[in-house]
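Notes to accompany the following structure.
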Amino acid sequence: MSGRILPLALEGVTLKIDGRRLIDKITLTLDAGPLTVVMGPNGAGKSLLMRLCHGLIKPTKGSITWQGSPGVWPGERQTRVFQKPVVLRRSVLANVEYPLKLRGVDANERKVRAREALERTGLGDIAMSPARVLSGGEQQKLAIARAWAMEPEVLFLDEPTANLDPAGTRDVEDLVRAVHGAGTKIIMTSHRTDQVRRLASEVVFIHKGRLIEKGPADAFLDTPQSAEARAYLSGELLV
Ligand SMILES: Nc1ncnc2c1ncn2[C@@H]1O[C@H](COP(=O)(O)OP(=O)(O)OP(=O)(O)O)[C@@H](O)[C@H]1O
Ligand SMILES: [Mg+2]
């Protein structure tokens with residue numbers, strides 16, 4: 001199911017808030033295929049960039065366009081899971097079914113798709129538990145299961161493992177790889193080099209709201225081209 005709404009093209013995207021230029025003239029194309037990680041230090045603008053791409057905020061200047069639907073925002077084909085998962089006060093299964101219901105998927109199909117998503121995510125055994133009692137790691141998996149059940153072409157993930165321990169991080173990384181392997185384009189943020197090394201096939205490195213480098217993950221990690229990326233990867237504090 002590739003190539004329907006991608007590539008996603010950003011042209012001179014700038015975001016100013018209260019006179020501060022938080023995103024600065026980012027021009028960038030994201031194609032179907034690679035698992036893309038937006039990397040950069042705290043405050044670089046990663047979350048803002050994800051929000052802009054997803055359509056939650058509008059740029060002050062510049063354009064963001066989806067190839068397959070000129071002038072149309074393909075809300076149905078792209079979804080997101082951000083750092084703090086939103087979990088509804090109902091069962092795990094009902095949490096996954098809910099957005100499908102909003103999209104008009106009929107009750108039987110909705111149940112089948114939600115069950116499948118929970119099985120694939122390893123949450124099948126707790127489908128009937130109240131979602132609010134799940135641990136942080138389980139809630140994050142639930143949020144990804146819910147997104148996966150919608151069969152999006154693109155999934156945005158903003159620091160999906162930020163609050164998780166090493167085992168939770170590994171589970172979520174496995175899940176992200178599985179969603180990507182099943183054909184969904186992943187665009188995620190991370191500030192962790194180890195995570196980028198394990199997951200990314202493409203890196204978009206940003207700093208102070210600017211695009212510094214974009215390229216294959218191996219090349220970026222082994223031979224970064226910019227002074228900023230070299231400093232960041234060698235553990236220096238970027239200010
Ligand atoms: N709504 C807002 N109003 C004003 N400034 C904001 C707003 N949202 C973010 N910022 C500022 O924009 C900059 C980039 O923020 P952003 O959250 O995108 O960084 P980030 O790269 O995601 O960092 P982190 O790794 O800490 O999540 C920060 O300096 C932040 O203070
Ligand atoms: Mg962030």
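The values are calculated or read from the model by the stated rules, or taken from the named source; none is laboratory data. Worth saying up front: this structure is predicted, and the values here are computed from it rather than measured. Glycine gets a Cβ as well: all are built from the backbone with ideal geometry, and neighbour counts include every protein chain shown. Calculation scope for accessible area: heavy atoms of the full protein, side chains included, ligands and nucleic acids excluded. Shrake-Rupley method; radii C 1.70, N 1.55, O 1.52, S 1.80 Å.
Details
- Pairs with Cβ under 6 Å, 6+ apart, first in the stretch 177-204 and at positive phi, second open to solvent by 40 Å² or more (accessible area, probe 1.4 Å) and of a type outside the set (Gly, Ala, Ser): Gly183/Met1
- Set side by side, the residues Ala107, Ala127, Ala147 differ, and just one is under 30 Å from Ile57 (Cβ atoms) and either touching a Ser or Thr at 6+ places or on another chain (Cβ under 9 Å) or among the small types (Gly, Ala, Ser) (or both), which is Ala147.
- Flag if Leu49 is assigned to a helix (DSSP H, G or I), under 30 Å from Ala227 (Cβ atoms) and either at pLDDT 95 or above or in contact with a His (Cβ under 6 Å, 6 or more places away or on another chain) (or both): yes
- Residue match in the stretch 94-102 (condition: over 27 Å from Thr189 (Cβ atoms), assigned to a strand (DSSP E or B) and more than 16 Å from ligand 2 (Cβ to nearest atom)): no
- In the set (1) within 21 Å of Ser135 (Cβ to Cβ); (2) part of a loop (DSSP other than H, G, I, E, B), the condition left unmet by Pro59 is number (1).
- Scanning the stretch 135-182 for residues being assigned to a loop (DSSP other than H, G, I, E, B) and either over 18 Å from Arg113 (Cα atoms) or among the basic types (Lys, Arg) (or both) gives a total of 8.
- Just one residue in the set Leu88, Leu93, Leu15, Leu8 is within 24 Å of Ser201 (Cβ to Cβ) and among the aliphatic types (A, V, I, L, M); that residue is Leu8.
- Test: residue in the stretch 32-43 that is away from ligand 1 (no atom under 16 Å from the Cβ), open to solvent by less than 70 Å² (accessible area, probe 1.4 Å), under 16 Å from the mean Cα position of the chain (by Cα) and not small (Gly, Ala, Ser): yes
- Tally of residues being open to solvent by 70 Å² or more (accessible area, probe 1.4 Å) and either assigned to a strand (DSSP E or B) or touching a His at 6+ places or on another chain (Cβ under 6 Å) (or both) across the stretch 6-22: 5
- Pro152 falls short of the stated requirement of being under 22 Å from Val86 (Cα atoms), within 12 Å of the chain's Cα centre (by Cα) and within 14 Å of ligand 2 (Cβ to nearest atom).
- For the stretch 88-102, a residue qualifies if it is of a type outside the set (D, E, K, R) and open to solvent by 50 Å² or more (accessible area, probe 1.4 Å), and the qualifying residues are Tyr98, Leu102.
- Taking the numbered list (1) crowded, with 16+ Cβ neighbours inside 10 Å; (2) more than 19 Å from the chain's Cα centre (by Cα); (3) in contact (Cβ under 8 Å) with a residue 24 or more places away in the chain in turn, His54 passes all entries but (2).
- Counted residues, the stretch 117-134 - those being surrounded by 15 or more Cβ atoms within 10 Å (Cβ to Cβ), out of contact with any Phe, Trp or Tyr (no Cβ under 9 Å at 6 or more places or on another chain) and assigned to a helix (DSSP H, G or I): 4
- Residues being of a type outside the set (S, T, N, Q), within 24 Å of Phe156 (Cα to Cα) and surrounded by 14 or more Cβ atoms within 10 Å (Cβ to Cβ) - total across the stretch 198-239: 23
- Any hit, the stretch 16-29, residues being under 16 Å from the mean Cα position of the chain (by Cα) and not hydrophobic (A, V, I, L, M, F, W, C): yes
- Filter result for Thr65 (part of a strand (DSSP E or B) and modelled with pLDDT of 95 or more): no
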